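**Q** Below is one structure. I have some questions about it.
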Amino acid sequence: MTTPEVDKVLEILSVFKEHNTEMPLQQIETFLQVAKRQPTTVTQLCEHLPQAPQSVARNVRILTVVANKERGGYGLVEQILDIQDSRRRHLQLTGKGERLIKELSKVINNDKSD
C-alpha cells in the first residue's frame, strides 16, 4: 500500500471519528453493511459479517437512537417494523446515516465541494 492509499484510509477513518471518536471497527463494518444492503435485517447481516449474531444485534442497537437504558445510540440506523411479521424489523439508514455515507463518498471520490 502506498502512502497516498494509507492517507485515504486515514481520511475515511477521520470521517467516522467526526461522528464518534470511539466507534469500534465492528460497528463501522455493521454500519457499512446496512448502508450496502438496506433494507436488511439482523439475520441477513449475520450472513455477511464475521461477528457472532449477538454481536451483530448489539452493534445494530448501538447504531440506532437508543443503545440501552443508560445511554443513547449513534442515530445512524433505524429499525422499521415489518407490517406482515411483527417479530421482524428491517434496518435502514437514518438521515444522519445517509449524510455520513455522502461524506464518505466525497472522501473516496476526492470531492472537495460542500
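Values quoted throughout were computed directly from the atomic coordinates according to the rules given, and no laboratory measurement underlies them. Because the structure is predicted, anything quoted here is derived from the model rather than measured. Glycine also receives a Cβ, built like all others from the backbone with ideal geometry; neighbour counts cover every protein chain displayed.
**Q** With labels modelled as points extended 7 Å from the Cα through the Cβ direction, what inter-label distance (nm, one decimal) is found for Leu10 paired with Leu25?
**A** A separation of 1.8 nm, rounded to one decimal place.
**Q** Work out the length of the dipole vector of the chain about its Cα centre, built from +1 on the beta-carbon of each Lys and Arg and -1 on the beta-carbon of each Asp and Glu, and round it to the nearest 20 debye.
**A** 380 debye
**Q** Scan the stretch 68-114 for trypsin sites (Lys or Arg not before Pro) in coil per DSSP, keeping those whose Cβ has at most 16 other Cβ atoms within 10 Å, and list them by number.
**A** Lys69, Arg71, Arg87, Arg88, Lys112
**Q** Under a Cβ-Cβ cut-off of 11 Å, what is the net charge of the residues other than Val42 that fall near it, where Lys and Arg count +1 and Asp and Glu count -1?
**A** The answer is +3.
**Q** Total Lys pairs in the stretch 3-108 closer than 19 Å by alpha-carbon, pairs eight or more apart in sequence or interchain only?
**A** Taking the Cα cut-off of 19 Å, the pair count is 10.
**Q** Follow-up question, since we're still on this one. Net charge around Gln79, counting only other residues with Cβ within less than 11 Å of its Cβ (Lys, Arg = +1; Asp, Glu = -1)?
**A** Residues close to Gln79 contribute a combined charge of +1.
**Q** Under the rule of at least 5 residues apart or a separate chain, name every residue whose amide H is placed under 5 Å from the amide H of Tyr74.
**A** Leu63, Thr64
**Q** Using only alpha carbons, build the gyration tensor for the stretch 3-108 and give me the equivalent ellipsoid semi-axes, biggest first, whole Å.
**A** One finds semi-axes of 25, 14, 14 Å for the stretch 3-108.
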